[in-house]
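The values are calculated or read from the model by the stated rules, or taken from the named source; none is laboratory data. As the structure is a prediction and not an experimental result, all values here were calculated from the model. Note: areas computed on protein heavy atoms with side chains; ligands, DNA, RNA excluded. Shrake-Rupley method; radii C 1.70, N 1.55, O 1.52, S 1.80 Å.
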Amino acid sequence: ILIVEDEANIRELLRLYLEREGYTVLEAENGVEGIKKWKSDKPDMLLLDVMMPVMDGWAVCREIRAESDVPIIMLTAKGETADRVSGLEMGADDYIVKPFDMKELVARIKAVIRRFQVAEAPEKELVFPGLTINISQYTVTYMGKPLEMPPREIELLYFLASHPGMVFTREQLLEQVWGYDYFGDSRTVDVHVKRLREKLSGGEELGWQIKTVWGVGYKFEVK
């Protein structure tokens, strides 16, 4: 991750926290240096401050977007709707206003990377007896018929089914599926699992099911 930020203390804080999360971190103190490091080191993501000397974040974002779709999260003290819209229309993938919570920033980073990986894949489809889940097209087909499902239900089903046999806690599912969009009661996972089971009733007879692991969470079991 390349951090392009003119305030040294913010760069240092971000670097320490992100390295603790397992990321390799590069730093640039202005937009011109940021462009040079992006071209030479090809980072997987940029955290890009808006208000910088020499070359501001808007200009950096425009130049990079002319050549690459690398994920970009804008960092700024400006929280007005117009600024957020400008950043997103310019091609930024997300926008977070200072001061921000570090845990929220990390969750946003993971969510943007996850969306980028899904968009990057030409086709991501899981097939089980009687069940097809296509996350690229956000479709679920059960017993030959398409099912109407909200995007979050499809994402939860796809995530569980893409890790057959693995048990996930509610908190892990919130982080992996909901990302930064949801901070709150983990019972929302139970509600979504209940809805999935209602729509996919009979799956156990076909050799698969979303199974409750008491005291832990859920798993997609395949016999």
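Selection of segment 1-49 for residues being open to solvent by 50 Å² or more (accessible area, probe 1.4 Å), charged (D, E, K, R) and assigned to a loop (DSSP other than H, G, I, E, B) yields ASP6, GLU7, GLU21, GLU29, LYS42, ASP44.
Is it fair to say LYS78 is modelled with pLDDT under 90, among the basic types (Lys, Arg) and part of a loop (DSSP other than H, G, I, E, B)?
On the way: modelled with pLDDT under 90: yes; among the basic types (Lys, Arg): yes; part of a loop (DSSP other than H, G, I, E, B): yes.
Yes: the conditions hold for LYS78.
Applying the criterion of being part of a loop (DSSP other than H, G, I, E, B) and of a type outside the set (S, T, N, Q) to the residues of segment 130-141, the residue that is most open to solvent (accessible area, probe 1.4 Å) is TYR138. Within segment 190-223, being under 26 Å from the mean Cα position of the chain (by Cα) and at pLDDT below 90 holds for no residue.
Kindly indicate whether VAL4 is at pLDDT 95 or above and β-branched (Val, Ile, Thr).
Details: at pLDDT 95 or above: yes; β-branched (Val, Ile, Thr): yes.
For VAL4, the condition - at pLDDT 95 or above and β-branched (Val, Ile, Thr) - is met.
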